1. If you check A336, A355, which single one turns out to be under 25 Å from the mean Cα position of the chain (by Cα) and either over 30 Å from L453 (Cα atoms) or assigned to a helix (DSSP H, G or I) (or both)?
2. Failed condition for D43, given (1) touching a helix residue (DSSP H, G or I) at 6+ places or on another chain (Cβ under 8 Å); (2) at pLDDT 90 or above; (3) surrounded by 18 or more Cβ atoms within 10 Å (Cβ to Cβ), with all others met?
3. State yes or no: is Q416 crowded, with 17+ Cβ neighbours inside 10 Å, under 28 Å from the mean Cα position of the chain (by Cα) and at pLDDT below 95?
4. Go through (1) out of contact with any Phe, Trp or Tyr (no Cβ under 8 Å at 6 or more places or on another chain); (2) surrounded by 20 or more Cβ atoms within 10 Å (Cβ to Cβ); (3) at pLDDT 95 or above; (4) not aromatic (F, W, Y) for Q210 and report which single condition fails.
5. With the requirement that a residue be crowded, with 21+ Cβ neighbours inside 10 Å and of a type in the set (A, V, I, L, M), what does segment 8-26 give you?
6. Report yes if A342 is of a type outside the set (V, I, T) and farther than 19 Å from S279 by Cα, otherwise no.
7. Go through segment 302-320 and give me each residue that's part of a helix (DSSP H, G or I) and under 21 Å from K381 (Cα atoms).
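The values are calculated or read from the model by the stated rules, or taken from the named source; none is laboratory data. Owing to the predicted nature of the structure, the values given are computational and were not obtained by experimental measurement. Cβ coordinates were reconstructed from backbone atoms using ideal geometry, including for glycine residues, and neighbour counts include every protein chain displayed.
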Amino acid sequence: MTTKKSLYIKTWGCQMNSYDSKRMADVLRPLGYDTTDAPDDADFIILNTCHIREKATEKVFSEIGRLRQHKKRREKEGKQTLMAVAGCVAQAEGDVITARAKEIDLVFGPSSYHELPEMIAQLTGAYGSSRVINTDFPAENKFDLLPQEETAPSPPVAHVAIQEGCDKFCSFCVVPYTRGAEYSRDARKILAEIKNLVAAGAKEIQLLGQNVNAWHGFGTDGRDWSLGRLLFAVAEIDGVQRIRYTTSHPKDMHDDLYKAHAEIPTLMPFLHLPVQSGSDKILKAMNRKHTRDDYLRSIDAMRAARPDIAFSSDFIVGFPGETDEDFEMTLDLIRAVGFASAYSFNYSPRPGTPAAALQHQIFDGTKDLRLQQLQEIVMQKAGTFNKNVVGRTIPILFERPGHKPGQVVGRSPWMQSTYVPVNSAQQNRFIGQTLDIHITGASATALKGELVLVDA
């Protein structure tokens, strides 16, 4: 009989990291680990890290500092606590972690967590190691070796990783170095996983990848499929009510994808398409492999296919060499597209990336002012988009209770968070349902509405 142990995972970063954390739990479950929401008495603590944002490494060490007290306390009680750093910071800076944090037992990258049972055996066996470091890129892909995902029950919105890694090598980005080369999962395994999730209660399927629209592979008909063709296959699965995918790269937009948006009603009218800058000079320095006009043509093609589609994007402010004119081109692009939402950040050099060595780094104060200006315009555009929904009745898939009693929260087709008051005693029964909601108010970040009552 397997001894029951507790597992605490703290996750930073993107939806792919959240997916990875869930799969780590699946890998460790046969070893007796059940997840817990608190680290206080956990037998195994995993920090699943992201290296995209500024000072990512220092945030990890700050968290290690807080958690080491739990480990010391349990050691005094005669209990062992394993502590691990996983994910992209582990992949990029494993040597730094092991040098600075002696209490860390395991360091492993995002491509090797399927080997967790073997790593734990190395630590705890009769001839165990004092610590284990695994930041290699295995010859076999982790997706082929992971156990069947635990799917009982599934939340209303389920994530399915279909692609990992990146071959684009944008000059500011660490992903190619931490996630490795682009890899596309087998279509049959993707569809089987989705069927299991739907059977377990999932209503919306979100397909994930670093460059999700670069996915390609042999389909169930033996032919080479693009993401667009895969979306048609997902839509044919009984019980799939909504489909989304993220994150896309402008270079990998294609006709099959436009066709999917035009013809699949369950494919939501929302696309996150990072552009980073509106200046061709800066895009070239970023090694983005697309121009401003390329991006706008993709926007126009998607709108022609699905006129009601909404867009979000990513923007980096203050990239080395960015002039006032370059920055104004970015603002002009934002005004032209009218994004429903966006993520924007000051440029910060990531160690080991080509951009970190570029001359003409931008003064922090200048970056801060530009970021504030950009975010004000984005919020104006988002607010206008959301206000245009007020007065309409739209379908909302409810995902969770709200922060206030008697409130449920869901997503609109355009990805807006939507808050609706309900009877407190019946709050939980709304979770997982898609209901018609009359939108009564809006901010730049969310909608509020009320149930449409249907006469018996």
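1. A355
2. Condition not satisfied by D43: (1).
3. no
4. For Q210, the exception is condition (3).
5. I9, M16, M24 - these are the residues of segment 8-26 that are crowded, with 21+ Cβ neighbours inside 10 Å and of a type in the set (A, V, I, L, M).
6. no
7. M302, R303, A304
Residue by residue, here is whether (1) in the same structural domain as G165 (by TED's automatic domain parsing); (2) within 21 Å of the chain's Cα centre (by Cα); (3) on the phi > 0 side of the Ramachandran plot holds:
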site: A187; (1), (2), (3): yes, yes, no
site: K195; (1), (2), (3): yes, no, no
site: K203; (1), (2), (3): yes, yes, no
site: G239; (1), (2), (3): yes, no, yes
site: M253; (1), (2), (3): yes, yes, no
